[in-house]
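Report on one structure; see the data block that follows.
The values are calculated or read from the model by the stated rules, or taken from the named source; none is laboratory data. Keep in mind that this is a model prediction, so the values were computed, not measured. Methodologically, a virtual Cβ is constructed for each residue, glycine included, from the backbone with ideal geometry; neighbour enumeration extends over all protein chains shown. Heads up: the accessible areas ignore ligands, DNA and RNA and are worked out on the full protein's heavy atoms, side chains in. Shrake-Rupley method; radii C 1.70, N 1.55, O 1.52, S 1.80 Å.
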Amino acid sequence: SVFARFGSDPRDNAGRLMRYELGGLNLIVDFAHNPAALSGLFDFAQRLRRPGRLARLLGQAGNRVDADLGRLAAVAAAARPDLVVLKEMSSYLRGRGAGEIPAILRRALVHAGVADAAIVDVDGEDAAVRHALAWARAGDVLMLAVHTPDGRSAALALIDRLRRLAWNAGQPLPG
C-alpha cells in the first residue's frame, strides 16, 4: 500500500516520515517538533514496534517556553521509550544557555516516568543518531528527529553508507 511505502524515498517529503529498514531496524527520520506531531509519529512507530525496543532523539529550539518543552517531553514519555537521546542543538539555542534545553527536557521526562538511566545527553545531531544506532539491536524502532538540514543530510548519508556496507544492528558503527 502507499502508506507502507511512503517515506522510503527521500523525495516523498524531506524531513517528514522518512522510513527506512536497515540492518534489522526500522528507522523513522522526522523532525516532529510539537506535541501533536510527535504524538502522531509515536502512534506510527508503535505499529512498527513488535517486539523491539523504541528509541527517540529529542531536542528543541530555545525560543519555546518551558511549558511547551514539558508538553513535548510528556508526549515522548507516554510512548514508553526505552531510550531517549537528548541532543543539544547549538545552532538553535535562540537565547538559551548551552545545556538548558536538554536539562528542562530531562526533568520533564523523569517527572513523566522515564527512568533517568534511559536518558542520554549528547552534543549535536550526528552524535545523537550515532548513539541510537550503536545502542540498537534487531527489531528496534529508532525515531531519528533531525531538525537541521545539515543534520538530516548527515543522517541520510550515514544510513546510505551503512546500507552499502550491509551493516546490521549490533555491529560496530564505522568511524
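Tabulated data for the structure shown
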{"read-out": "Segment 25-94 versus segment 103-131: alpha-carbon centroid distance in Å", "value": "10"}
{"read-out": "Neighbourhood net charge (15 Å Cβ-Cβ; Lys/Arg +1, Asp/Glu -1) for Ala74", "value": "+4"}
{"read-out": "Accessible solvent surface per residue of segment 47-172, calculated while the other protein chains remain in place, 1.4 angstrom probe, Å²", "value": "46"}
{"read-out": "Percent RCO, i.e. relative contact order, over segment 130-175, from Cα pairs under 8 Å lying at least 6 residues apart", "value": "63"}
{"read-out": "Residue of Gly113, Gly59, Gly70 that the Gaussian network model of the chain assigns the largest fluctuation, springs spanning Cα pairs under 10 Å", "value": "Gly113"}
{"read-out": "Gyration tensor verdict on segment 25-86 (Cα atoms; rounded if a/c is under 1.5, prolate if a/b is larger than b/c, oblate otherwise)", "value": "prolate"}
{"read-out": "Helix-only CD estimate at 222 nm, as mean residue ellipticity for the chain, using -39500 (n - 2.57) per DSSP H run (n ≥ 4)", "value": "-12500 deg cm²/dmol"}
{"read-out": "Three-way shape label, segment 30-160, alpha-carbon gyration tensor, a/c 1.5", "value": "oblate"}
{"read-out": "Length added when fully stretched, Leu93-Arg80, from 0.36 nm per residue minus Cα-Cα", "value": "2.0 nm"}
{"read-out": "Relative contact order of segment 95-175, pairs being alpha-carbon contacts under 8 Å that are 6 or more residues apart, as %", "value": "31"}
{"read-out": "Qualifying trypsin sites (Lys or Arg not before Pro) for segment 9-90 [loop in DSSP, other Cβ within 10 Å: at most 13]", "value": "Arg11"}
{"read-out": "Contact order normalised by residue count of the chain, Cα under 8 Å, 6+ apart, percent", "value": "30"}
{"read-out": "Percent accessible area from carbon and sulfur atoms, the chain, protein chains only, probe 1.4 Å", "value": "53"}
{"read-out": "Simple label model, 7 Å out from Cα along Cβ direction - Thr148 to Asp116, nm", "value": "3.0"}
{"read-out": "Length gained when the stretch Glu21-Ala166 is fully extended (0.36 nm per residue, less Cα-Cα span)", "value": "51.0 nm"}
